[in-house]
Amino acid sequence: MLSFLGVYAAVMLLHAWESRREFRRHPEKAARYEALPLGYKLACCFAVMPLLAAGGFHEAWPVVGLVFFFVLESACLRWYRKAGLY
């Protein structure tokens, strides 16, 4: 369990670093993300990221995580378009 938490923390830190870098390069993307409802952000942190982190323990979990990621990404894009932000 402790090793999973370590991998999960590393995945979350990598995601935060990459997001910060991307938002600095594209301020309009940062503004869209700020407007995104909290549920979408939490789904990424507590559904997609743990599945990707579990890849070190079973090779099927990252595949499931990628499927969840693409579903969540399409839901976010749909929300952005509906809100007139994309």
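Counting only heavy atoms of the protein chains, get the accessible area per residue of the chain (1.4 Å probe) and round it to a whole Å² value.
71
When only Cα pairs under 8 Å and 6 or more residues apart are kept, what is the percent relative contact order across the chain?
Taking the mean separation of contacting Cα pairs over the length of the chain, I get 30 percent.
Taking the chain as a Gaussian network, where each spring joins two C-alpha atoms under 10 Å apart, which residue of 39, 55, 65 fluctuates the most?
Maximum among the listed residues: 39.
Could you please state how large a percent of the accessible area of the chain is carbon and sulfur, counting protein chains only and using a 1.4 Å probe?
70
Which order do the peptides 71-82, 18-29 take when ranked by the mean count of other beta-carbon atoms within 10 Å per residue, highest first?
71-82, 18-29
Need one number: nm distance between label points at residue 31 and residue 86, each 7 Å from Cα along Cα→Cβ, rounded to one decimal.
Inter-label distance under the simple model: 1.7 nm.
Tell me which label goes with the value of P(r) over Cα pairs in 5 Å bins from 0, in percent computed from the coordinates here: (1) 3, 15, 27, 28, 18, 7, 2, 0; (2) 3, 16, 27, 23, 16, 9, 4, 1, 0; (3) 3, 14, 20, 24, 19, 11, 6, 2, 0.
Here P(r) over Cα pairs in 5 Å bins from 0, in percent agrees with entry (3).
To the nearest 20 debye, what charge dipole does segment 1-55 have about its Cα centre, counting +1 at the Cβ of each Lys and Arg and -1 at the Cβ of each Asp and Glu?
It comes to approximately 160 debye.
Along the Cα→Cβ direction, 7 angstrom out, place labels at residue 1 and residue 15. What is the inter-label distance in nm?
In this crude label model, residue 1 to residue 15 measures out at 2.1 nm.
The values are calculated or read from the model by the stated rules, or taken from the named source; none is laboratory data. Quantities reported herein were computed from a predicted structural model and do not represent experimental measurements. Neighbour counts run over all protein chains shown; Cβ positions are idealised from the backbone, glycine included. Heads up: the accessible areas ignore ligands, DNA and RNA and are worked out on the full protein's heavy atoms, side chains in. Shrake-Rupley method; radii C 1.70, N 1.55, O 1.52, S 1.80 Å.
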